[in-house]
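Below is one structure, written out as C-alpha coordinates; the observations come after it.
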Amino acid sequence: MDRIIIKGGNELRGIIPISGAKNAALPLMIASLLTSDTLTLENVPHLADVEQLVRILGNHGVDVAVNGRRENQDGSYARTIHFTCRTIADVTAPYELVSKMRASFWVIGPLLAREGQARVSLPGGCAIGTRPVDLFLESLKALGAEMEIDAGYVNARAPKGGLVGARYTFPKVSVGATHVMLMAASLANGTTVIGNAAREPEIVDLAKCLNAMGAKITGAGTSTITVEGVTSLAGARHRVMPDRIETGTYAMAVAMTGGDVEITETDPAFLETALEAIRRAGAEVTTTERGIRVRRNGGGISPVDVVTDPYPGFPTDMQAQFMGLMTRSSGVSHITETIFENRFMHVQELARLGAKITLNDRTARIEGVPRLKGAPVMATDLRASVSLVIAGLAAEGETTVSRVYHLDRGFERLEEKLTRCGAQVERVTD
Ligand code: EPZ
(Lines give C-alpha, C1' and ligand atoms only; values in the text may rest on other atoms or scores of the structure.)
Protein backbone atom coordinates (compact mmCIF):
# COMPACT_ATOMS: atom_id res chain seq x y z
CA MET A 1 0.00 0.00 0.00
CA ASP A 2 1.35 3.44 -0.91
CA ARG A 3 2.41 6.03 1.65
CA ILE A 4 3.25 9.67 1.21
CA ILE A 5 6.26 11.04 3.03
CA ILE A 6 6.44 14.79 3.55
CA LYS A 7 9.43 16.68 4.84
CA GLY A 8 7.84 19.87 6.13
CA GLY A 9 9.06 23.43 6.28
CA ASN A 10 9.36 24.50 2.64
CA GLU A 11 7.39 27.40 1.22
CA LEU A 12 5.41 26.74 -1.96
CA ARG A 13 6.40 28.77 -5.01
CA GLY A 14 5.42 28.22 -8.62
CA ILE A 15 2.40 27.13 -10.63
CA ILE A 16 -0.20 24.49 -9.80
CA PRO A 17 -2.56 23.52 -12.64
CA ILE A 18 -6.02 22.37 -11.60
CA SER A 19 -7.62 19.23 -13.00
CA GLY A 20 -11.19 18.63 -14.12
CA ALA A 21 -13.60 18.35 -11.18
CA LYS A 22 -14.17 14.87 -9.81
CA ASN A 23 -17.64 15.81 -8.56
CA ALA A 24 -18.62 17.15 -11.98
CA ALA A 25 -17.02 14.34 -13.98
CA LEU A 26 -18.89 11.60 -12.11
CA PRO A 27 -22.47 12.77 -12.85
CA LEU A 28 -21.46 13.78 -16.38
CA MET A 29 -20.17 10.28 -17.02
CA ILE A 30 -23.40 8.83 -15.62
CA ALA A 31 -25.38 11.03 -18.05
CA SER A 32 -23.93 8.92 -20.89
CA LEU A 33 -26.51 6.27 -19.89
CA LEU A 34 -29.26 8.59 -21.16
CA THR A 35 -28.42 8.34 -24.86
CA SER A 36 -27.44 5.74 -27.46
CA ASP A 37 -25.11 8.33 -29.03
CA THR A 38 -21.59 9.16 -27.92
CA LEU A 39 -21.04 11.63 -25.09
CA THR A 40 -17.52 13.06 -25.28
CA LEU A 41 -16.09 14.58 -22.12
CA GLU A 42 -12.95 16.70 -22.18
CA ASN A 43 -10.75 17.48 -19.18
CA VAL A 44 -11.64 14.26 -17.35
CA PRO A 45 -9.33 13.89 -14.33
CA HIS A 46 -7.28 10.75 -13.87
CA LEU A 47 -8.60 9.56 -10.52
CA ALA A 48 -9.43 6.27 -8.84
CA ASP A 49 -13.13 7.28 -8.60
CA VAL A 50 -13.28 7.95 -12.34
CA GLU A 51 -11.72 4.55 -13.10
CA GLN A 52 -14.16 2.88 -10.72
CA LEU A 53 -17.12 4.56 -12.42
CA VAL A 54 -15.80 3.43 -15.82
CA ARG A 55 -16.05 -0.16 -14.51
CA ILE A 56 -19.56 0.44 -13.18
CA LEU A 57 -20.78 2.03 -16.42
CA GLY A 58 -19.19 -0.81 -18.40
CA ASN A 59 -21.43 -3.20 -16.49
CA HIS A 60 -24.48 -1.26 -17.78
CA GLY A 61 -23.22 -1.40 -21.37
CA VAL A 62 -21.23 1.84 -21.73
CA ASP A 63 -18.32 1.53 -24.11
CA VAL A 64 -15.44 3.79 -23.03
CA ALA A 65 -12.71 5.06 -25.35
CA VAL A 66 -9.92 7.23 -23.96
CA ASN A 67 -8.40 9.66 -26.42
CA GLY A 68 -4.96 9.81 -24.90
CA ARG A 69 -3.88 12.82 -22.96
CA ARG A 70 -2.40 16.14 -23.80
CA GLU A 71 0.54 17.20 -21.69
CA ASN A 72 0.93 20.97 -21.30
CA GLN A 73 4.07 22.94 -20.53
CA ASP A 74 3.03 23.74 -17.00
CA GLY A 75 2.68 20.04 -16.23
CA SER A 76 -1.08 19.88 -16.56
CA TYR A 77 -2.70 17.29 -18.73
CA ALA A 78 -6.20 16.60 -19.81
CA ARG A 79 -7.96 13.51 -21.06
CA THR A 80 -10.82 13.31 -23.47
CA ILE A 81 -13.05 10.27 -23.03
CA HIS A 82 -15.87 9.05 -25.28
CA PHE A 83 -18.76 7.23 -23.63
CA THR A 84 -21.21 5.28 -25.78
CA CYS A 85 -24.15 3.29 -24.47
CA ARG A 86 -25.88 1.86 -27.56
CA THR A 87 -28.17 -0.25 -25.40
CA ILE A 88 -28.44 -0.73 -21.66
CA ALA A 89 -26.90 -4.16 -21.06
CA ASP A 90 -27.94 -4.53 -17.43
CA VAL A 91 -30.25 -2.47 -15.20
CA THR A 92 -28.67 -3.87 -12.03
CA ALA A 93 -25.97 -1.98 -10.17
CA PRO A 94 -24.57 -4.63 -7.83
CA TYR A 95 -23.50 -4.19 -4.21
CA GLU A 96 -19.84 -5.05 -4.97
CA LEU A 97 -19.63 -1.97 -7.20
CA VAL A 98 -21.97 0.53 -5.51
CA SER A 99 -20.46 -0.06 -2.05
CA LYS A 100 -17.07 1.09 -3.39
CA MET A 101 -18.35 4.47 -4.52
CA ARG A 102 -21.57 6.09 -3.35
CA ALA A 103 -22.05 8.24 -6.45
CA SER A 104 -22.63 5.10 -8.50
CA PHE A 105 -26.06 4.92 -6.83
CA TRP A 106 -26.93 7.85 -9.10
CA VAL A 107 -27.26 5.51 -12.12
CA ILE A 108 -30.76 4.89 -10.79
CA GLY A 109 -31.98 8.10 -12.48
CA PRO A 110 -30.88 7.46 -16.08
CA LEU A 111 -31.64 3.72 -15.92
CA LEU A 112 -35.18 4.44 -14.79
CA ALA A 113 -35.66 7.21 -17.36
CA ARG A 114 -34.28 5.26 -20.34
CA GLU A 115 -35.17 1.65 -19.51
CA GLY A 116 -38.17 2.14 -17.24
CA GLN A 117 -36.53 0.10 -14.52
CA ALA A 118 -33.48 -0.12 -12.29
CA ARG A 119 -32.21 -2.40 -9.56
CA VAL A 120 -29.55 -0.55 -7.62
CA SER A 121 -27.84 -1.66 -4.44
CA LEU A 122 -28.10 0.58 -1.40
CA PRO A 123 -24.63 2.04 -0.90
CA GLY A 124 -24.12 1.03 2.74
CA GLY A 125 -21.97 2.77 5.35
CA CYS A 126 -19.72 5.75 4.92
CA ALA A 127 -16.85 7.22 6.97
CA ILE A 128 -18.25 10.78 7.07
CA GLY A 129 -21.89 10.24 8.09
CA THR A 130 -24.97 8.07 7.68
CA ARG A 131 -25.79 9.41 4.19
CA PRO A 132 -29.28 7.98 3.57
CA VAL A 133 -30.94 7.82 0.13
CA ASP A 134 -34.50 8.79 1.12
CA LEU A 135 -34.42 12.00 -0.95
CA PHE A 136 -33.63 10.03 -4.11
CA LEU A 137 -36.49 7.64 -3.46
CA GLU A 138 -39.02 10.38 -2.67
CA SER A 139 -38.12 12.58 -5.64
CA LEU A 140 -38.22 9.69 -8.12
CA LYS A 141 -41.56 8.60 -6.64
CA ALA A 142 -42.82 12.11 -7.41
CA LEU A 143 -42.05 11.38 -11.08
CA GLY A 144 -44.32 8.35 -10.87
CA ALA A 145 -41.73 5.64 -10.14
CA GLU A 146 -42.59 2.75 -7.90
CA MET A 147 -39.85 2.06 -5.41
CA GLU A 148 -39.37 -1.01 -3.30
CA ILE A 149 -36.46 -2.02 -1.10
CA ASP A 150 -35.65 -5.70 -1.22
CA ALA A 151 -32.57 -7.57 0.02
CA GLY A 152 -30.35 -4.50 0.09
CA TYR A 153 -31.47 -3.30 -3.32
CA VAL A 154 -33.79 -0.56 -4.52
CA ASN A 155 -36.10 -1.93 -7.18
CA ALA A 156 -37.42 0.98 -9.18
CA ARG A 157 -40.01 0.89 -11.93
CA ALA A 158 -41.40 3.72 -14.07
CA PRO A 159 -45.10 3.84 -15.06
CA LYS A 160 -45.98 2.19 -18.43
CA GLY A 161 -45.58 5.32 -20.56
CA GLY A 162 -42.44 6.43 -18.73
CA LEU A 163 -41.71 8.88 -15.92
CA VAL A 164 -44.08 11.82 -15.59
CA GLY A 165 -43.00 15.40 -14.94
CA ALA A 166 -44.02 16.81 -11.56
CA ARG A 167 -43.43 19.57 -9.06
CA TYR A 168 -41.15 18.39 -6.24
CA THR A 169 -39.50 20.37 -3.47
CA PHE A 170 -36.62 18.75 -1.60
CA PRO A 171 -37.02 18.96 2.19
CA LYS A 172 -33.21 19.23 2.40
CA VAL A 173 -30.61 20.29 -0.17
CA SER A 174 -28.91 17.29 -1.78
CA VAL A 175 -26.34 17.51 -4.55
CA GLY A 176 -26.71 13.87 -5.62
CA ALA A 177 -30.51 13.81 -5.55
CA THR A 178 -30.60 17.02 -7.59
CA HIS A 179 -28.27 15.47 -10.20
CA VAL A 180 -30.48 12.40 -10.38
CA MET A 181 -33.66 14.45 -10.68
CA LEU A 182 -32.15 16.46 -13.56
CA MET A 183 -31.25 13.29 -15.44
CA ALA A 184 -34.53 11.50 -14.78
CA ALA A 185 -36.76 14.52 -15.50
CA SER A 186 -34.95 15.22 -18.80
CA LEU A 187 -36.58 12.13 -20.31
CA ALA A 188 -39.91 12.36 -18.44
CA ASN A 189 -43.24 13.24 -20.05
CA GLY A 190 -44.06 16.85 -19.31
CA THR A 191 -42.48 19.48 -17.11
CA THR A 192 -40.73 19.03 -13.77
CA VAL A 193 -40.13 21.86 -11.34
CA ILE A 194 -37.51 21.08 -8.71
CA GLY A 195 -37.71 23.21 -5.58
CA ASN A 196 -34.89 23.65 -3.02
CA ALA A 197 -32.47 22.28 -5.60
CA ALA A 198 -28.74 22.19 -4.90
CA ARG A 199 -27.01 25.23 -6.42
CA GLU A 200 -23.50 23.79 -6.65
CA PRO A 201 -21.51 24.68 -9.80
CA GLU A 202 -21.38 20.95 -10.61
CA ILE A 203 -25.19 21.01 -10.96
CA VAL A 204 -24.84 23.83 -13.48
CA ASP A 205 -22.16 21.85 -15.34
CA LEU A 206 -24.43 18.80 -15.60
CA ALA A 207 -27.38 20.93 -16.74
CA LYS A 208 -25.19 22.53 -19.45
CA CYS A 209 -24.12 19.12 -20.70
CA LEU A 210 -27.69 17.76 -20.65
CA ASN A 211 -28.88 20.82 -22.57
CA ALA A 212 -26.12 20.22 -25.15
CA MET A 213 -27.56 16.69 -25.43
CA GLY A 214 -30.99 18.16 -26.18
CA ALA A 215 -32.53 18.53 -22.73
CA LYS A 216 -34.54 21.62 -21.81
CA ILE A 217 -33.34 22.73 -18.39
CA THR A 218 -33.57 26.26 -17.03
CA GLY A 219 -32.69 27.71 -13.65
CA ALA A 220 -29.71 25.49 -12.80
CA GLY A 221 -27.58 27.33 -10.25
CA THR A 222 -30.69 28.70 -8.51
CA SER A 223 -32.87 26.80 -6.06
CA THR A 224 -35.71 26.33 -8.56
CA ILE A 225 -34.92 24.31 -11.67
CA THR A 226 -37.39 23.66 -14.46
CA VAL A 227 -36.97 20.64 -16.72
CA GLU A 228 -39.17 20.25 -19.77
CA GLY A 229 -39.05 16.56 -20.66
CA VAL A 230 -37.94 15.48 -24.16
CA THR A 231 -38.41 12.10 -25.84
CA SER A 232 -34.74 11.39 -26.44
CA LEU A 233 -31.30 12.83 -25.89
CA ALA A 234 -28.40 12.86 -28.34
CA GLY A 235 -24.62 12.80 -28.00
CA ALA A 236 -22.62 15.94 -27.20
CA ARG A 237 -19.15 17.21 -26.43
CA HIS A 238 -18.63 18.86 -23.07
CA ARG A 239 -15.65 20.10 -21.07
CA VAL A 240 -15.63 19.15 -17.39
CA MET A 241 -15.41 22.26 -15.17
CA PRO A 242 -12.28 22.86 -13.07
CA ASP A 243 -12.12 21.27 -9.63
CA ARG A 244 -13.04 24.00 -7.13
CA ILE A 245 -12.20 21.79 -4.15
CA GLU A 246 -8.73 21.03 -5.51
CA THR A 247 -8.31 24.78 -6.14
CA GLY A 248 -9.25 25.69 -2.59
CA THR A 249 -7.10 22.91 -1.17
CA TYR A 250 -3.93 24.20 -2.85
CA ALA A 251 -4.83 27.77 -1.90
CA MET A 252 -5.01 26.63 1.73
CA ALA A 253 -1.72 24.77 1.35
CA VAL A 254 0.00 27.98 0.22
CA ALA A 255 -1.66 29.95 3.02
CA MET A 256 -0.27 27.31 5.39
CA THR A 257 3.34 27.14 4.17
CA GLY A 258 3.72 30.70 2.96
CA GLY A 259 5.09 31.47 -0.48
CA ASP A 260 3.62 32.54 -3.81
CA VAL A 261 1.72 30.24 -6.16
CA GLU A 262 -0.41 30.79 -9.22
CA ILE A 263 -3.20 28.23 -9.35
CA THR A 264 -4.13 27.93 -13.01
CA GLU A 265 -6.86 26.48 -15.24
CA THR A 266 -9.48 27.27 -12.65
CA ASP A 267 -12.19 29.80 -11.92
CA PRO A 268 -12.26 31.74 -8.62
CA ALA A 269 -15.98 32.45 -9.09
CA PHE A 270 -16.72 28.87 -7.96
CA LEU A 271 -15.19 29.27 -4.51
CA GLU A 272 -15.69 32.82 -3.33
CA THR A 273 -16.67 31.90 0.24
CA ALA A 274 -13.62 29.70 0.73
CA LEU A 275 -11.27 32.28 -0.82
CA GLU A 276 -12.71 34.94 1.48
CA ALA A 277 -11.93 32.72 4.48
CA ILE A 278 -8.36 32.24 3.22
CA ARG A 279 -7.98 36.02 2.81
CA ARG A 280 -9.22 36.59 6.34
CA ALA A 281 -6.66 34.06 7.50
CA GLY A 282 -3.97 36.38 6.16
CA ALA A 283 -3.12 35.23 2.64
CA GLU A 284 -3.35 37.56 -0.32
CA VAL A 285 -5.59 36.09 -3.01
CA THR A 286 -5.84 37.83 -6.37
CA THR A 287 -7.42 36.86 -9.66
CA THR A 288 -5.20 36.18 -12.67
CA GLU A 289 -6.07 35.47 -16.29
CA ARG A 290 -5.66 31.75 -15.72
CA GLY A 291 -7.00 31.45 -12.18
CA ILE A 292 -5.75 32.83 -8.87
CA ARG A 293 -2.52 33.85 -7.22
CA VAL A 294 -2.09 33.10 -3.53
CA ARG A 295 0.65 34.71 -1.47
CA ARG A 296 1.63 34.81 2.15
CA ASN A 297 4.99 36.33 2.83
CA GLY A 298 6.06 36.89 6.39
CA GLY A 299 2.69 37.51 8.07
CA GLY A 300 1.13 34.93 10.35
CA ILE A 301 -2.12 32.99 10.08
CA SER A 302 -5.14 34.62 11.75
CA PRO A 303 -7.90 32.56 13.34
CA VAL A 304 -11.13 32.47 11.30
CA ASP A 305 -14.45 30.83 12.18
CA VAL A 306 -16.34 28.99 9.44
CA VAL A 307 -19.60 27.06 9.19
CA THR A 308 -20.08 24.63 6.32
CA ASP A 309 -23.22 25.04 4.23
CA PRO A 310 -24.58 24.05 0.83
CA TYR A 311 -23.28 26.22 -2.04
CA PRO A 312 -22.64 29.16 -2.01
CA GLY A 313 -21.69 28.58 1.63
CA PHE A 314 -18.35 27.30 2.85
CA PRO A 315 -17.99 23.79 1.33
CA THR A 316 -17.90 20.74 3.58
CA ASP A 317 -15.33 19.34 1.15
CA MET A 318 -12.86 22.01 2.30
CA GLN A 319 -13.62 21.82 6.01
CA ALA A 320 -10.81 19.40 6.89
CA GLN A 321 -8.24 21.37 4.89
CA PHE A 322 -9.26 24.63 6.56
CA MET A 323 -8.93 22.96 9.93
CA GLY A 324 -5.42 21.92 8.91
CA LEU A 325 -4.66 25.59 8.21
CA MET A 326 -6.21 26.78 11.46
CA THR A 327 -3.99 24.48 13.55
CA ARG A 328 -1.19 27.03 13.00
CA SER A 329 -3.23 30.20 13.53
CA SER A 330 -2.33 32.76 16.16
CA GLY A 331 -5.50 32.28 18.21
CA VAL A 332 -8.68 30.24 18.63
CA SER A 333 -11.00 29.39 15.73
CA HIS A 334 -14.22 27.39 15.45
CA ILE A 335 -15.30 25.20 12.56
CA THR A 336 -18.88 23.94 12.47
CA GLU A 337 -19.87 21.10 10.15
CA THR A 338 -23.55 21.18 9.20
CA ILE A 339 -23.63 18.77 6.22
CA PHE A 340 -22.17 15.48 7.45
CA GLU A 341 -22.47 14.63 11.16
CA ASN A 342 -19.30 12.57 11.37
CA ARG A 343 -16.87 14.46 9.19
CA PHE A 344 -14.23 14.95 11.87
CA MET A 345 -12.04 11.89 11.45
CA HIS A 346 -9.06 14.14 10.75
CA VAL A 347 -9.20 15.69 14.23
CA GLN A 348 -7.41 12.84 15.98
CA GLU A 349 -4.85 12.54 13.19
CA LEU A 350 -4.10 16.29 13.25
CA ALA A 351 -3.67 15.93 17.02
CA ARG A 352 -0.85 13.44 16.32
CA LEU A 353 0.99 16.30 14.63
CA GLY A 354 0.56 18.49 17.70
CA ALA A 355 -2.71 20.27 16.86
CA LYS A 356 -4.93 21.32 19.78
CA ILE A 357 -8.52 20.59 18.78
CA THR A 358 -11.54 19.84 20.93
CA LEU A 359 -14.84 18.67 19.55
CA ASN A 360 -18.21 19.66 20.90
CA ASP A 361 -21.00 18.06 18.89
CA ARG A 362 -20.60 19.50 15.38
CA THR A 363 -18.17 22.27 16.27
CA ALA A 364 -14.42 21.95 16.49
CA ARG A 365 -12.47 24.45 18.60
CA ILE A 366 -8.98 24.85 17.27
CA GLU A 367 -6.35 26.51 19.38
CA GLY A 368 -3.52 27.50 17.07
CA VAL A 369 -0.06 26.23 17.99
CA PRO A 370 3.28 27.83 17.05
CA ARG A 371 4.59 24.62 15.53
CA LEU A 372 3.46 21.19 14.39
CA LYS A 373 5.76 18.19 14.53
CA GLY A 374 5.85 15.46 11.86
CA ALA A 375 4.49 12.01 12.76
CA PRO A 376 2.98 8.95 11.08
CA VAL A 377 -0.72 9.59 10.39
CA MET A 378 -3.50 7.75 8.64
CA ALA A 379 -5.81 8.96 5.88
CA THR A 380 -9.44 8.24 6.73
CA ASP A 381 -11.31 9.80 3.83
CA LEU A 382 -10.49 11.85 0.80
CA ARG A 383 -10.62 15.39 2.17
CA ALA A 384 -9.40 14.39 5.64
CA SER A 385 -6.29 12.89 4.11
CA VAL A 386 -5.36 16.03 2.23
CA SER A 387 -5.74 18.07 5.43
CA LEU A 388 -2.97 15.89 6.85
CA VAL A 389 -0.82 16.68 3.83
CA ILE A 390 -1.40 20.42 4.37
CA ALA A 391 -0.45 20.09 8.03
CA GLY A 392 2.56 17.92 7.11
CA LEU A 393 3.84 20.58 4.72
CA ALA A 394 4.17 23.00 7.64
CA ALA A 395 5.24 20.50 10.29
CA GLU A 396 8.82 20.16 11.47
CA GLY A 397 10.43 16.94 10.32
CA GLU A 398 8.81 14.01 8.57
CA THR A 399 5.11 13.18 8.27
CA THR A 400 4.09 9.88 6.76
CA VAL A 401 0.52 9.63 5.50
CA SER A 402 -0.61 6.04 5.04
CA ARG A 403 -3.73 4.71 3.27
CA VAL A 404 -3.03 7.07 0.40
CA TYR A 405 -5.68 5.38 -1.75
CA HIS A 406 -8.13 7.84 -0.19
CA LEU A 407 -6.14 10.71 -1.71
CA ASP A 408 -5.97 9.02 -5.09
CA ARG A 409 -9.76 9.06 -5.26
CA GLY A 410 -9.82 12.81 -5.66
CA PHE A 411 -6.41 14.43 -6.14
CA GLU A 412 -4.66 13.95 -9.44
CA ARG A 413 -0.86 13.72 -9.13
CA LEU A 414 -0.82 15.53 -5.80
CA GLU A 415 2.80 14.84 -4.95
CA GLU A 416 3.97 15.95 -8.40
CA LYS A 417 2.00 19.23 -8.24
CA LEU A 418 3.41 20.02 -4.79
CA THR A 419 6.97 18.95 -5.61
CA ARG A 420 7.06 21.26 -8.61
CA CYS A 421 6.42 24.13 -6.18
CA GLY A 422 9.28 23.20 -3.90
CA ALA A 423 7.63 20.87 -1.39
CA GLN A 424 9.43 17.69 -0.36
CA VAL A 425 6.77 15.08 -0.95
CA GLU A 426 7.50 11.53 -1.97
CA ARG A 427 5.30 8.53 -2.65
CA VAL A 428 6.59 5.21 -1.39
CA THR A 429 5.14 1.89 -2.50
CA ASP A 430 5.69 -0.94 -0.02
C1 EPZ B 1 -21.85 15.37 -2.88
O2 EPZ B 1 -22.23 14.23 -2.14
C3 EPZ B 1 -20.37 15.27 -3.10
N4 EPZ B 1 -20.07 14.06 -3.84
C5 EPZ B 1 -19.64 15.26 -1.76
O6 EPZ B 1 -18.26 15.23 -1.99
C7 EPZ B 1 -20.00 16.52 -0.98
O8 EPZ B 1 -19.41 16.47 0.29
C9 EPZ B 1 -21.51 16.65 -0.86
O10 EPZ B 1 -22.13 16.57 -2.17
C11 EPZ B 1 -21.96 17.93 -0.20
O12 EPZ B 1 -21.46 19.02 -0.91
C13 EPZ B 1 -20.11 14.07 -5.18
O14 EPZ B 1 -20.46 15.07 -5.81
C15 EPZ B 1 -19.70 12.83 -5.89
P16 EPZ B 1 -25.63 15.41 -0.54
P17 EPZ B 1 -23.76 13.85 -2.00
O18 EPZ B 1 -26.67 14.48 -1.06
O19 EPZ B 1 -24.48 14.23 -3.21
C20 EPZ B 1 -28.17 14.17 3.30
C21 EPZ B 1 -16.05 14.45 -1.70
O22 EPZ B 1 -15.24 14.47 -0.75
N23 EPZ B 1 -28.99 13.30 2.43
O24 EPZ B 1 -25.64 16.82 -1.00
O25 EPZ B 1 -23.79 12.43 -1.55
C26 EPZ B 1 -26.74 13.70 3.43
O27 EPZ B 1 -26.63 12.65 4.37
C28 EPZ B 1 -17.51 14.11 -1.49
O29 EPZ B 1 -15.72 14.69 -2.88
C30 EPZ B 1 -30.12 12.73 2.97
O31 EPZ B 1 -30.45 12.93 4.16
O32 EPZ B 1 -24.17 14.78 -0.79
C33 EPZ B 1 -26.04 14.97 3.84
O34 EPZ B 1 -26.21 15.19 5.20
C35 EPZ B 1 -17.80 13.56 -0.16
N36 EPZ B 1 -30.87 11.91 2.16
C37 EPZ B 1 -26.78 16.03 3.05
O38 EPZ B 1 -28.04 15.44 2.69
C39 EPZ B 1 -30.55 11.66 0.88
O40 EPZ B 1 -31.27 10.93 0.21
C41 EPZ B 1 -26.10 16.51 1.80
O42 EPZ B 1 -25.67 15.39 1.03
C43 EPZ B 1 -29.41 12.29 0.32
C44 EPZ B 1 -28.63 13.11 1.13
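The values are calculated or read from the model by the stated rules, or taken from the named source; none is laboratory data. None of the values given here were measured: they were computed from a predicted structure. Don't worry about glycine lacking a Cβ; one is built from the backbone with ideal geometry, like all the others, and counts go over all protein chains shown. All accessible areas refer to the heavy atoms of the entire protein, side chains included, with ligands and DNA or RNA removed. Shrake-Rupley method; radii C 1.70, N 1.55, O 1.52, S 1.80 Å.
For the structure I just gave you, tell me whether PHE136 is within 9 Å of the ligand (Cβ to nearest atom), outside any loop (DSSP other than H, G, I, E, B), over 23 Å from THR191 (Cα atoms) and aromatic (Phe, Trp, Tyr).
No: the conditions fail for PHE136.
Among the residues in the stretch 164-171, are any more than 17 Å from ALA103 (Cβ to Cβ) and of a type in the set (Phe, Trp, Tyr)?
For the stretch 164-171, residues more than 17 Å from ALA103 (Cβ to Cβ) and of a type in the set (Phe, Trp, Tyr): present.
Listed residues SER232, SER223; which is closer than 23 Å to ILE194 by Cα, surrounded by fewer than 24 Cβ atoms within 10 Å (Cβ to Cβ), of a type in the set (Ser, Thr, Tyr) and touching a residue at least 60 places away in the same chain (Cβ under 8 Å)?
SER232
Just give me the residues in the stretch 365-378 being out of contact with any Asp or Glu (no Cβ under 8 Å at 6 or more places or on another chain) and open to solvent by less than 10 Å² (accessible area, probe 1.4 Å), in sequence order.
ILE366, the sole residue that qualifies.
This table checks each residue for (1) within 22 Å of the chain's Cα centre (by Cα); (2) open to solvent by 40 Å² or more (accessible area, probe 1.4 Å); (3) of a type in the set (Phe, Trp, Tyr).
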residue: LEU97; (1), (2), (3): yes, no, no
residue: ALA103; (1), (2), (3): yes, no, no
residue: ARG114; (1), (2), (3): no, yes, no
residue: LEU143; (1), (2), (3): no, no, no
residue: ALA151; (1), (2), (3): no, yes, no
residue: PHE170; (1), (2), (3): yes, no, yes
residue: ALA184; (1), (2), (3): yes, no, no
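Can you name the residue in the stretch 259-315 that is within 16 Å of the ligand (Cβ to nearest atom) and part of a strand (DSSP E or B) and, of all such residues, is nearest to ILE245 (Cα to Cα)?
Residue satisfying both the conditions and the ranking: PHE314.
Residues being open to solvent by less than 40 Å² (accessible area, probe 1.4 Å) and not aliphatic (A, V, I, L, M): count how many of those fall in the stretch 265-281.
Total satisfying the criteria: 2.
How many residues are at pLDDT 95 or above and either buried (at least 18 other Cβ atoms within 10 Å of the Cβ) or in a loop (DSSP other than H, G, I, E, B) (or both) when one looks only at the stretch 416-430?
Residues meeting the conditions: 7.
Give me the residue from the stretch 1-34 that is surrounded by fewer than 24 Cβ atoms within 10 Å (Cβ to Cβ) and charged (D, E, K, R) and, out of that set, farthest from ALA283 (Cα to Cα).
ASP2
Regarding THR338, is this residue free of Cβ contacts under 8 Å to residues at least 60 places away in the same chain, of a type in the set (Val, Ile, Thr), over 24 Å from ILE4 (Cβ atoms) and not in a loop (DSSP other than H, G, I, E, B)?
no
Scan the stretch 298-343 for residues that are at pLDDT below 95 and farther than 19 Å from GLY8 by Cα and jot them down.
PHE340, GLU341, ASN342, ARG343 - these are the residues of the stretch 298-343 that are at pLDDT below 95 and farther than 19 Å from GLY8 by Cα.
Can you give me the number of residues within the stretch 86-95 that are within 30 Å of HIS406 (Cβ to Cβ) and open to solvent by less than 40 Å² (accessible area, probe 1.4 Å)?
Selection size over the stretch 86-95: 3.
Restricting attention to the stretch 336-363, which residues are among the hydrophobic types (A, V, I, L, M, F, W, C), under 14 Å from GLY324 (Cα atoms) and out of contact with any Phe, Trp or Tyr (no Cβ under 9 Å at 6 or more places or on another chain)?
Across the stretch 336-363, the qualifying residues are PHE344, MET345, VAL347, LEU350, ALA351, LEU353, ALA355.
Can you tell me which residues in the stretch 394-409 are open to solvent by 10 Å² or more (accessible area, probe 1.4 Å), touching a residue at least 60 places away in the same chain (Cβ under 8 Å), out of contact with any Pro (no Cβ under 8 Å at 6 or more places or on another chain) and on the phi < 0 side of the Ramachandran plot?
ALA394, GLU396, GLU398, TYR405, ASP408, ARG409
Out of (1) in contact with a Ser or Thr (Cβ under 7 Å, 6 or more places away or on another chain); (2) more than 29 Å from ILE217 (Cα to Cα), what's the single condition that is false for GLY313?
The one condition GLY313 does not meet is (2).
List pairs: first in the stretch 295-317 and over 22 Å from PRO171 (Cβ atoms) and hydroxyl-bearing (Ser, Thr, Tyr), second within 16 Å of the ligand (Cβ to nearest atom) and part of a loop (DSSP other than H, G, I, E, B), Cβ under 6 Å, 6+ apart or cross-chain?
none
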